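These notes are about the structure you will find just below.
The values are calculated or read from the model by the stated rules, or taken from the named source; none is laboratory data. Since the model is a prediction, treat every value here as computed from it, not as a measurement. Every residue, glycine among them, receives a Cβ derived from its backbone with ideal geometry; neighbour counts consider all protein chains shown.
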Amino acid sequence: MENTPAILIGRSRWSETSLIVHWCAPDLGLFRTMAKGALRPNSAFHGVLDLFVTADLRLARAKTGDLHTLAEAHLQQPRLGLRASYGRVLAATYLVKLLALAVEPHAPLPGLYDLLAKALDYLVEHDPSPAFLHRFELRLAEDLGLVGEAGAEGALAAHLLEQHLHKRLPVQRHQLLDWCAARL
């Protein structure tokens, strides 16, 4: 068994009672677990496996494949304030989708884990802004080695990320910028 803190970044139904849960952890990077029985009414996972929460996990590594088994999850940071506005949920969704595009599964990413955790914690109390979005993209580009410290502006960082990833940035970016513009 292995222990790690992790941020829940996605989940999908596997069966009537089980979920596949996607996580971001500093030492394990992006990985998936099977949460058997998570949808049962008396499940130990009840109330813990919500999007964007940080939890202390205990998991059994898969002998083959990349789907590990989740044994325990203890809520550490629920981030309930993210539910205060659509913009906050949209921003959090964009951040995790961008991170998933930028890194390889199972690659340790302590710096990016901290970046994501700080950004999500900020969104608990604040609505997102274009400056917030550009700052996150700039820090991600710096961590990936695309720009030096303060070597690019936020809008340029998005362009550099798109070029480096050879993919368009997630659609939530434009939706978030439109949401921010409508609030002005």
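Going by what's in this entry, would Arg11 be described as over 16 Å from His106 (Cβ atoms) and touching an Asp or Glu at 6+ places or on another chain (Cβ under 6 Å)?
Answer is no for this residue.
Could you please find all residues in the stretch 7-43 being basic (Lys, Arg) and either buried (at least 21 other Cβ atoms within 10 Å of the Cβ) or in contact with a strand residue (DSSP E or B) (Cβ under 8 Å, 6 or more places away or on another chain) (or both)?
Those that are basic (Lys, Arg) and either buried (at least 21 other Cβ atoms within 10 Å of the Cβ) or in contact with a strand residue (DSSP E or B) (Cβ under 8 Å, 6 or more places away or on another chain) (or both): Arg11, Arg13, Arg32, Lys36.
Quick check on my filter: what residues within the stretch 55-69 are over 18 Å from the mean Cα position of the chain (by Cα), surrounded by 12 or more Cβ atoms within 10 Å (Cβ to Cβ) and over 16 Å from Gly29 (Cβ atoms)?
Matches in the stretch 55-69: Arg58, Ala60, Thr69.
Do we find a residue being among the β-branched types (Val, Ile, Thr), assigned by TED's automatic domain parsing to the domain that holds Leu109, part of a loop (DSSP other than H, G, I, E, B) and modelled with pLDDT under 90 anywhere in the stretch 143-156?
yes
Show the residue pairs meeting these rules: Cβ distance below 6 Å; 6+ apart or different chains; first residue within the stretch 78-101 and touching a residue at least 40 places away in the same chain (Cβ under 8 Å); second residue acidic (Asp, Glu).
If the second residue must be acidic (Asp, Glu), the pairs left are Gly81/Glu125; Ser85/Asp127; Gly87/Asp127.
Would you check which residues across the stretch 112-128 are part of a loop (DSSP other than H, G, I, E, B) and buried (at least 16 other Cβ atoms within 10 Å of the Cβ) and list them?
Pro128
Is it fair to say Ala91 is farther than 28 Å from Leu165 by Cβ and either surrounded by 21 or more Cβ atoms within 10 Å (Cβ to Cβ) or in contact with a His (Cβ under 7 Å, 6 or more places away or on another chain) (or both)?
Working: farther than 28 Å from Leu165 by Cβ: no; either surrounded by 21 or more Cβ atoms within 10 Å (Cβ to Cβ) or in contact with a His (Cβ under 7 Å, 6 or more places away or on another chain) (or both): yes.
The answer is no for Ala91.
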